Amino acid sequence: MRYLLTALAVAAGGCSLISSDVTDFKLQTESKMFTVDTSSWMVNATAAMTYLNQSCASAPMECGQWVSAACTMNCSGTCDTTTQKCDLGLDVAAYQPVDINMSNPELAMIAKEPIVKVKIDSITYTVSMNSLNVPTPPMTIYVAPMSVMSTSDPSATAIGTIPPVPAMTTTSATNLMFTDSGQTALQDMMGNYKTPFNVIVGSTVVVKAGDPMPMGKLVASVEITATATY
């Protein structure tokens, strides 16, 4: 998910966008979309049903190997200790680079006035389309250095969570649930505006024996507003 930040300021005398007596201004993202599309998992429905009914009582570690017959992309397998059958994990994973400096030519006007503090005013998400036949799990949003593209990397910091979205349900703009340190982590990344970073969305849809196979697509957008002080 890539955020395009636009500095909003009142033009003052001369050619500068920001007068010398103004110390803060608004940063606001355009809405950016991300998609959960079940077709991306390339699940073989017939093989998946066989896999989900496979007993793992005598070989609990084998589910991780057997899963390749059911799903070839972004999936995992584990043994359910209660049912002793294999569970299918379908990974939701996407990352996008955020380069605030390159995306905002207005920031060149304050190149000699480095931002020392960013305060997040709000971060909201909207689910505009949802044809999924199953509810989503909670989806976690992370920020990370540009070299990090996986939520499992220790350099990826969770900043907030989108709660489960019921099947076939959309939502209006809703505030993101921040983690304890999430707001600070996002502020630090945005405050260092000359250094690009990644935003990563991660989750896993778990399918158990007897569950319907996930089908359909969800489209959501995220928007951030912030105040920068220099």
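Residue-wise test of (1) more than 20 Å from Ile224 (Cβ to Cβ); (2) hydroxyl-bearing (Ser, Thr, Tyr); (3) part of a strand (DSSP E or B).
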{"residue": "Gly64", "(1), (2), (3)": "yes, no, no"}
{"residue": "Gly77", "(1), (2), (3)": "yes, no, yes"}
{"residue": "Thr81", "(1), (2), (3)": "yes, yes, no"}
{"residue": "Cys86", "(1), (2), (3)": "yes, no, yes"}
{"residue": "Gly89", "(1), (2), (3)": "yes, no, yes"}
{"residue": "Gln96", "(1), (2), (3)": "no, no, yes"}
{"residue": "Met102", "(1), (2), (3)": "no, no, no"}
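Which residue out of Thr151, Thr161 is among the hydroxyl-bearing types (Ser, Thr, Tyr) and crowded, with 18+ Cβ neighbours inside 10 Å? Full working, then the answer.
Numbers: Thr161 fails: crowded, with 18+ Cβ neighbours inside 10 Å.
Within the list Thr151, Thr161, the selection yields Thr151.
Restricting to the range 124-152, name every residue that is closer than 22 Å to Asp188 by Cβ, polar (S, T, N, Q) and assigned to a loop (DSSP other than H, G, I, E, B).
Once the filter is applied, which keeps residues that are closer than 22 Å to Asp188 by Cβ, polar (S, T, N, Q) and assigned to a loop (DSSP other than H, G, I, E, B), the range 124-152 yields Ser147, Ser150, Thr151, Ser152.
Given the structure, is Ala185 in contact (Cβ under 8 Å) with a residue 12 or more places away in the chain and either in a strand (DSSP E or B) or in contact with a helix residue (DSSP H, G or I) (Cβ under 9 Å, 6 or more places away or on another chain) (or both)? Spell out how you get there, then give the answer.
Numbers: in contact (Cβ under 8 Å) with a residue 12 or more places away in the chain: yes; either in a strand (DSSP E or B) or in contact with a helix residue (DSSP H, G or I) (Cβ under 9 Å, 6 or more places away or on another chain) (or both): no.
In short, no.
For (1) under 21 Å from Trp41 (Cα atoms); (2) surrounded by 16 or more Cβ atoms within 10 Å (Cβ to Cβ), each residue gets a yes or a no:
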residue: Pro135; (1), (2): yes, no
residue: Ala144; (1), (2): no, yes
residue: Thr157; (1), (2): no, yes
residue: Ala185; (1), (2): no, yes
residue: Tyr193; (1), (2): no, yes
residue: Pro214; (1), (2): yes, yes
residue: Glu223; (1), (2): no, yes
residue: Ala226; (1), (2): no, yes
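Could you please tell me which pairs satisfy a Cβ distance under 6 Å, a separation of 6+ or placement on different chains, a first residue in the range 189-211 that is touching a residue at least 40 places away in the same chain (Cβ under 8 Å), and a second residue that is among the basic types (Lys, Arg)?
These pairs meet every condition: Ala209/Lys85.
For the range 4-59, list the strands (runs of 3 or more DSSP E) that sit wholly inside it and hold at least 3 residues that are at pLDDT 85 or above; which are they?
Numbers: elements: 5-8, 24-29, 32-37.
Answer list for the range 4-59: 32-37.
The values are calculated or read from the model by the stated rules, or taken from the named source; none is laboratory data. Because the structure is a prediction, the values reported are computed rather than measured. In this analysis, Cβ positions are derived from the backbone assuming ideal geometry, glycine residues included, and neighbour counts consider all displayed protein chains.
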